[in-house]
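Here, each number is a calculation from the coordinates, and none is a lab measurement. These numbers were taken from a predicted model, which means no experiment stands behind them. Cβ sites come from the backbone with ideal geometry, for glycine too, and all protein chains shown count toward neighbours.
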C-alpha cells in the first residue's frame, strides 16, 4: 500500500511536471539519472547515519525511498524513449560512491580545509536533490 502511494505520487509529479515543463526542462534521461543519483546519495547517507545511530536515518531513508519511487515510476517511459533502464543501477551506484568518498574525506582528512570542503559539497549535493522533489 505504501509503495502504491509513492508510485502514484511519483506518477502524478511526472505527469504534472511534463505538462507544465518549460523548454529547458530535464529530458527523460536526465530525470532518470538525477533520481537514481539522488537515491544513491541518500542511501549512502542513511547507511552512515544508521551505523552511527543518528536519529535522522529514518528521514533520510524516506528521501531515498522517494527518489527510488520516482525513478521506478518513470523508467517505463524512459525505456519507451530508448533509454536502457539498467543504466539506473550505475547512476545509483555513482551517487552512493560520490557520497562515500566525501564522507571519507570529511571524517579522515588531516586537513580541516579539505574536511570542511567535503562537508559543504555533501550538503550542496543533498540540497540539489531535495530541490528536485520539494
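Residues 123, 77, 53, arranged from fewest to most other Cβ atoms within 10 angstrom of their Cβ, appear as 53, 123, 77. The slack between residue 121 and residue 26, meaning 0.36 nm per residue of separation minus the straight C-alpha distance, is 32.0 nm.
A straight chain from residue 130 to residue 114 at 0.36 nm per residue would run longer than the Cα-Cα distance by 3.3 nm. Ranked by the mean number of other Cβ atoms within 10 Å per residue, highest first, peptides 89-101, 60-72 order as 60-72, 89-101.
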